[in-house]
1. Somewhere in segment 7-21, is a residue modelled with pLDDT of 95 or more, in a helix (DSSP H, G or I) and either of a type in the set (D, E, K, R) or over 23 Å from residue 111 (Cα atoms) (or both)?
2. Can you name the condition, by its number, that residue 69 falls short on among (1) buried (at least 16 other Cβ atoms within 10 Å of the Cβ); (2) of a type in the set (Gly, Ala, Ser); (3) part of a helix (DSSP H, G or I); (4) over 10 Å from the mean Cα position of the chain (by Cα)?
3. Across segment 60-94, what is the total count of residues that are more than 18 Å from residue 44 (Cα to Cα), touching a residue at least 24 places away in the same chain (Cβ under 8 Å) and in contact with a Leu (Cβ under 9 Å, 6 or more places away or on another chain)?
4. Just to verify a result, which residue in segment 1-29, among those that are farther than 17 Å from residue 71 by Cα and among the charged types (D, E, K, R), is surrounded by the most Cβ atoms within 10 Å (Cβ to Cβ)?
5. Taking the stated definitions as given, is residue 97 of a type in the set (Asp, Glu) and either in a loop (DSSP other than H, G, I, E, B) or under 17 Å from residue 3 (Cβ atoms) (or both)?
6. Would you confirm whether any residue within segment 30-41 is of a type in the set (D, E, K, R), under 17 Å from residue 100 (Cα atoms) and surrounded by 13 or more Cβ atoms within 10 Å (Cβ to Cβ)?
Amino acid sequence: MSNDEPIISTLFDGHDEESREQIQVMLNNFTQNWLPEKQQEINDRLQSQNWESVRECIHAVKGTAGGYGYMELTDLSKTIEDEIKSEKYDNLLQLIDDFNEVCARVYAGNSKL
């Protein structure tokens, strides 16, 4: 994955300025607290090859990221979750690297707002 374009939440689409300010508060919490914690958990659990635990964390990211308007992160999380469920671990390290890159793009997108 080589795209380094910041990712902006789709939650901003079609909202007025007051609503956008409220959305920004929510996104700040997501990108500054929740997502970095999950990302760290995923990377820690990956090191111990605790696949079910990695899957559980990725599953949480999949749903939550979509709710916050980050569909690229949701889609990649689904791919990772499916690979783990299918016990296909060959590409998992690359997928987690991709996941970390997408997270960086989400953080960059939020910091531009």
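1. no
2. (3)
3. Residues in segment 60-94 being more than 18 Å from residue 44 (Cα to Cα), touching a residue at least 24 places away in the same chain (Cβ under 8 Å) and in contact with a Leu (Cβ under 9 Å, 6 or more places away or on another chain): 7 in total.
4. So, considering only residues that are farther than 17 Å from residue 71 by Cα and among the charged types (D, E, K, R), the one surrounded by the most Cβ atoms within 10 Å (Cβ to Cβ) is 20.
5. Values: of a type in the set (Asp, Glu): yes; either in a loop (DSSP other than H, G, I, E, B) or under 17 Å from residue 3 (Cβ atoms) (or both): yes.
Yes: the conditions hold for residue 97.
6. Let us first name the residues in segment 30-41 that are of a type in the set (D, E, K, R), namely 37-38, 41.
Next cut, under 17 Å from residue 100 (Cα atoms) only: 37-38, 41.
Pick out the ones that are also surrounded by 13 or more Cβ atoms within 10 Å (Cβ to Cβ) and you get 38, 41.
Checked segment 30-41: at least one residue is of a type in the set (D, E, K, R), under 17 Å from residue 100 (Cα atoms) and surrounded by 13 or more Cβ atoms within 10 Å (Cβ to Cβ).
The values are calculated or read from the model by the stated rules, or taken from the named source; none is laboratory data. Being a predicted model, the structure only gives us computed values, none of them experimental. Neighbour counts run over all protein chains shown; Cβ positions are idealised from the backbone, glycine included.
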